Amino acid sequence: MSSVKKIWLILLVMGILMSSSAKISEAKFKLEGDKVAHIVVSALIYDAAYLYCENQDLDRLHCFCYATLATVAAGIFKEEMDDVFDHDDLIADGIGLAIGIAVIELQF
């Protein structure tokens, strides 16, 4: 994948994640310690899952899909386990997912 396509893919994913939440447009999203943890952990889950799939000799598309699924599932599962479902945590998870994708895509 060319560098231009990688950048467009990253921008597309980030745009979808950011536009999918009305809370961001209302400027209620605050980057606090808990949100930073969600961002970092989501990026790490994505990258770890992607590299695991890659080591299993799966193609890039399958690695992308499985790593994305693992990251989203972990974020939703964590929120379901909390007493209060916080949509801002899911936004932070989405930002972490986008960062994880950017790290993998810009690495190669």
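Values for this structure:
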| read-out | value |
| --- | --- |
| Ranking of Lys35, Lys78 by count of other Cβ atoms within 10 Å, fewest first | Lys78, Lys35 |
| Among 90-96, 56-62, 46-52, the order from most to least packed when residues are scored by Cβ within 10 Å on average | 90-96, 46-52, 56-62 |
| Under 14 Å from the Asp82 label point (7 Å along Cα→beta-carbon), backbone N, segment 39-53 | 39-42 |
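Bear in mind these aren't lab numbers, they're just calculated from the coordinates by the rules spelled out. Everything quoted here is computed from the prediction, not taken from an experiment. Using ideal geometry, Cβ is built from the backbone for each residue, glycine included, and neighbour counts are taken over all protein chains shown.
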